[in-house]
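Please read the structure below before turning to the comments.
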Amino acid sequence: MLVVTSIAALPDLFDFFASVSHRRFESAISDIPFPPAQDTKDDDRQPGSDKQAGPYPASLQGGDILVAENGRQPDSEEDHPEKERNDVKTVRPGLALVGRVGTLEKMPGTLDEFWTLDGSTDFLDHGSFGATPKPVQEEQARWRRRLEAQPVRFFQRELETTLDNARAALAEFLGAPSDDLVFVPNATSGVNAALRSYDLDPGDQILITDQAYNACANAARYAASRAGAEVVVASVPFPLQSGAEVVDSIMDSVGERTRLAIVEHVTSPTGLILPIADVVARLLDRGVEVLVDGAHAPGMVDVDISEIGATFYVGNCHKWLCAPKGVGFLYVAPDHQSSVVPTVVSHGYNTEHEKRSRFHLLFDWPGTQDPTALLSVPAALSAMDGLRPGGWPVLMASNRRLALRAQEIICECLDVEPPAPEDMVGAMAAIPLPDADEQPLVYGRDPLQDRLFFEDRFEVPLLHWPEWPSRLIRISAQSYNTLDQYERLADVLRRRLTP
Ligand SMILES: Cc1ncc(COP(=O)(O)O)c(C=O)c1O
């Protein structure tokens, strides 16, 4: 269903990025000096190659918008209201280490300071494609200028090191060894690489959930069909009372021939945070390997891949990490790396190098493409970390609090019970709506979604789940959102949906 929503949104995205790119590429490429990458420590406009300063780009080390106005460190009582500090306790402490740049004194008050969303709608759909902050777009533009100034030097002499730096920053954030992580263009590619490398026998089963993202479910169907295997679907109840219901349903669907399970860390149609470490441990106990689809997780919830312990973990960087589009990652447990091949087989297949693993060699050169999105991941980690005093843990906690409050307001307005326990809600929340009484539009979009967009100026997805005419509205909460936007949405929904 979400695919359909996403396709429908593409024209707007094209306009959006076209307008951004016009503004960003005005300055001449000569404004970037080009010493070799290792000699750039004095150049604080250089895109992320300052090795001495850690994985974060020199251009973001205390530069531009990210510097605290008064230089105050984000430690004081007033920086962490009591509620926020309580929420943060549930977040892995190591995440705070990501904060290596100064912190904004306060959340930028207007979209213009940090985001380039045009403000023409109340944008309540961060979950579909994320949004990329200005400093990150600017960092990507710097990388592009550097690439285009000396393409051969960039690809042949600089990319390896800069890619390793970006991977190291992401790996640290995700609690995974950098050796076990590769960049892929997006979560769909990562899922495909894992599944299409997976050795299945006829009669084997891949277990998926009924909330699997359609593209990933298709990848499972394709991999199964090639091997004469089958796909079995476990239901994730919604509404539900507890994560235990999900664990039970998944475990009840495991059979003798179940080899691999694909489980979402955060579900797409309903935004549920699944008890992923528990699910993985129980599946592994039954001899079932696990691919975690964490497309929505990094930047929404604390992700500690080592602790989760899955065989594969796939995620997106453009959603809640707010990196540019075109970058995701695939983690593969060390004992499985030798069998995993990217969907695009390239030079790495017959390359050997004593200093680089086969896993990295295979994935790091997918052919010539624009790698600036992945090189801008450290800038995204830093920029978002600098948004709130207290960094990522506070940002995630406050997004979650906003989503929960928004869900409550809409549920009250529509007179429905919150459909999930609070501990399963992150920065997205789905609320059941009365059944649709109109046929879906082309690509399956609900007509109400278009009315909300064109007449009421909301960008918010409606999903026919589990199938039309049942439907949900899924709200997202990011730092550019405010409570009054959801209050307005609740009013509009009440007006449109109650007789
Ligand atoms: C759970 C889940 N998996 C995979 C994807 C696919 O992400 P992408 O289109 O970036 O590959 C999505 C996209 O929203 C998703 O929600």
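No value in this document is a laboratory result; all are computed from the given coordinates. For clarity, every value in this text was computed on a predicted model and none was experimentally measured. Reconstructed Cβ throughout: ideal geometry from the backbone, glycine too, with neighbour counts over all protein chains shown.
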Quiz item: Of the beta bridges DSSP finds with both residues in region 175-370, what % are antiparallel, to the nearest 5?
Solution: 40 percent
Quiz item: Counting other C-beta atoms within 10 Å, which of F329, F453 has the fewest, and how do the rest follow?
Solution: F453, F329
Quiz item: Do any trypsin sites (Lys or Arg not before Pro) in region 428-499 lie in a loop, going by DSSP, with at most 14 other beta-carbon atoms within 10 Å of their beta carbon, and if so which?
Solution: R457
Quiz item: For region 175-370, taking Cα atoms only, what is the radius of gyration to one decimal and the Dmax to the nearest whole Å?
Solution: 16.2, 53
Quiz prompt | Phi-based couplings in Hz for region 299-304 (Karplus 6.51, -1.76, 1.60; Gly and Pro marked x) | solution = x, 9, 10, 5, 10, 10
Quiz item: Considering amide H positions built from the backbone, and no H for Pro or chain starts, which residues 5 or more places from G328, or on another chain, come under 5 Å of its amide H?
Solution: V184, N186, C317
Quiz item: Taking the inverse of the average 1/r across all pairs of different Cα atoms in region 189-295, what Kirkwood radius in Å do you get?
Solution: 13.6 Å
Practice problem: Only Lys, Arg, Asp and Glu count, each charged at its Cβ (+1, +1, -1, -1), so figure out the dipole size of region 175-370 about its Cα centre, rounded to 20 debye. | Solution: 580 debye
Practice problem: Can you find, among H296, V345, A323, the residue farthest towards the positive end of the dipole of region 175-370? Put +1 on the C-beta of Lys and Arg, -1 on that of Asp and Glu. | Solution: V345
Self-check item: Relative contact order for region 246-306, counting Cα pairs under 8 Å that sit 6 or more residues apart, in percent
Solution: 38 percent
Exercise. Compute the distance in nm between two label points, each set 7 Å from the Cα along the Cα-to-Cβ direction, one at R495 and one at Y349.
Key: 5.9 nm
